[in-house]
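*Asks:* Take this structure first; my questions come after.
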Amino acid sequence: MILSMTGYGKAEETFQNKNITVELRALNSKNLDLKTRIPTHYREKEMLLRKRLSGQLKRGKIDVILTIEDLEDKPKNKINSKILTAYLDQLKVINPQADQSILMAAILRLPDVLQAESEALEETEWQQVLKIIDAAVSKLTSYRKDEGGALEKDLRLRLSNIRDGLTQIARLDEGRLSRIKSRLKEALSQLQQEVDANRFEQELIYYLEKFDINEEKVRLQNHLDYFEKELASNQEMKGKKLGFITQEMGREINTIGSKANDSAMQREVVKMKDALEKIKEQVLNVL
């Protein structure tokens, strides 16, 4: 089972005449990158919030949006009556005949007359917010699992393509070295020049060793098995490990291609490389 790094989770609930909404949006990232948008009076809890989400979400670029909507029709600002009265007295001295309603409209736009109500965060509200955050995390995780299922299906398909290519290469490799050896002997015979047979055999063995791909085939088969084993494991975070395995697979495929010296085998190598590139692209999405 694998989890995708991308996903979305949203949870909301009404608590004490407030509508509390938590949204989580996850994208790909090498590490955990949390960005929070929360009300000002929640800033004191931001570090606790980050710590809680870090333990649950593990990896990815996560946007955390916490919205608190007050359902009561009450003013958000209060009038500082002392400052308002002081402004009014000054304006009356300047212009005693001025209409008071006009003065009031002007005074309300002056500094410090309207002050935002300071809002304290109650512990009961914070505990309720934590429950809503956990619900949003649960929905995000469910989304990641669904996306991960589609990813795993595609990865297994590409893995199967590489296995098929390796099977074809193993078939084509049968007798390949013997054919190369025969071609070399035939070319040498056409030179009509006497050569030392023992020295020729030694050089031939050394030359043919450069084209032997048995070790690469075995190692690539092991990497494919290891990749598939990791796909089936219960470990949540496996994207980085799968990425390392694909790098090793790529080395073996490249070496097989450089040693092949056979057009049919080269065509299979190209197909395997294409499948591997698609695997690498998908692994970037794995948690």
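*Asks:* Give the residue that is modelled with the lowest pLDDT, with candidates limited to residues of the range 210-221 that are in a helix (DSSP H, G or I) and loosely packed, with under 13 Cβ neighbours inside 10 Å.
*Replies:* The initial filter retains those residues of the range 210-221 that are in a helix (DSSP H, G or I), namely 214-221.
Checking the rest, the ones that are also loosely packed, with under 13 Cβ neighbours inside 10 Å come to 214-215, 218.
On the way: 214: 83, 215: 88, 218: 93.
It comes out as 214.
*Asks:* Does the range 237-251 hold any residues that are buried (at least 18 other Cβ atoms within 10 Å of the Cβ) and in a loop (DSSP other than H, G, I, E, B), and which are they?
*Replies:* Listed by number, the list holds a single entry, 238.
*Asks:* Do any residues in the range 132-154 that are within 12 Å of residue 3 (Cα to Cα) have Cβ atoms under 6 Å from those of residues that are small (Gly, Ala, Ser), where the two are at least six apart or on different chains, and which pairs are they?
*Replies:* Once the first residue is within 12 Å of residue 3 (Cα to Cα) and sits in the range 132-154, its partners that are small (Gly, Ala, Ser) give 140/7; 140/9; 143/7; 144/4; 144/7; 147/4; 148/4; 151/4.
*Asks:* Tally up the residues in the range 221-248 that are touching a Lys or Arg at 6+ places or on another chain (Cβ under 9 Å) and among the aliphatic types (A, V, I, L, M), please.
*Replies:* Final tally of qualifying residues: 3.
*Asks:* Hey, residue 1 hits all of (1) more than 30 Å from residue 153 (Cβ to Cβ); (2) of a type in the set (A, V, I, L, M); (3) modelled with pLDDT under 90 but one; which does it fall short on?
*Replies:* That leaves (1) as the condition not met.
*Asks:* Contact list please: Cβ distance under 7 Å, first residue in the range 244-269 and farther than 20 Å from residue 222 by Cα and free of Cβ contacts under 8 Å to residues at least 24 places away in the same chain, second residue aliphatic (A, V, I, L, M) and in a helix (DSSP H, G or I), pairs at least six apart or on different chains.
*Replies:* Sorted first by the residue in the range 244-269, then by its partner, the pairs are 266/260.
*Asks:* What do you reckon, is residue 2 in the same structural domain as residue 128 (by TED's automatic domain parsing) and either assigned to a strand (DSSP E or B) or touching a helix residue (DSSP H, G or I) at 6+ places or on another chain (Cβ under 7 Å) (or both)?
*Replies:* no
*Asks:* Counting just the residues of the range 119-130 that are free of Cβ contacts under 8 Å to residues at least 60 places away in the same chain and among the charged types (D, E, K, R), which one comes out surrounded by the most Cβ atoms within 10 Å (Cβ to Cβ)?
*Replies:* 122
*Asks:* With respect to residue 254, determine if the residue is at pLDDT 95 or above and either outside any loop (DSSP other than H, G, I, E, B) or not assigned by TED's automatic domain parsing to the domain that holds residue 167 (or both).
*Replies:* no
Yes or no, residue by residue, for (1) modelled with pLDDT of 90 or more; (2) small (Gly, Ala, Ser); (3) farther than 30 Å from residue 243 by Cβ:
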residue	(1), (2), (3)
8	yes, no, no
12	yes, no, yes
16	no, no, yes
21	yes, no, yes
36	yes, no, no
50	yes, no, no
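*Asks:* May I pose another question? Against the condition touching a residue at least 40 places away in the same chain (Cβ under 8 Å), among the acidic types (Asp, Glu) and either in a loop (DSSP other than H, G, I, E, B) or within 30 Å of residue 236 (Cα to Cα) (or both), how does residue 44 come out, does it pass?
*Replies:* For residue 44, the condition - touching a residue at least 40 places away in the same chain (Cβ under 8 Å), among the acidic types (Asp, Glu) and either in a loop (DSSP other than H, G, I, E, B) or within 30 Å of residue 236 (Cα to Cα) (or both) - is not met.
*Asks:* Looking only at the range 1-49, how many residues end up being of a type in the set (Lys, Arg), under 18 Å from the mean Cα position of the chain (by Cα) and under 18 Å from residue 134 (Cβ atoms)?
*Replies:* Keep residues of the range 1-49 that are of a type in the set (Lys, Arg), which gives 10, 18, 25, 30, 35, 37, 43, 45.
Checking which are under 18 Å from the mean Cα position of the chain (by Cα) leaves us with 25, 30, 35.
Now drop any that are not under 18 Å from residue 134 (Cβ atoms), which leaves 25.
Adding up the residues that qualify gives 1.
The values are calculated or read from the model by the stated rules, or taken from the named source; none is laboratory data. Quick caveat: nothing in here was measured; it's all calculated off a predicted structure. For neighbour counting, all protein chains shown are included, and Cβ atoms are generated from backbone atoms with ideal geometry for every residue, glycine included.
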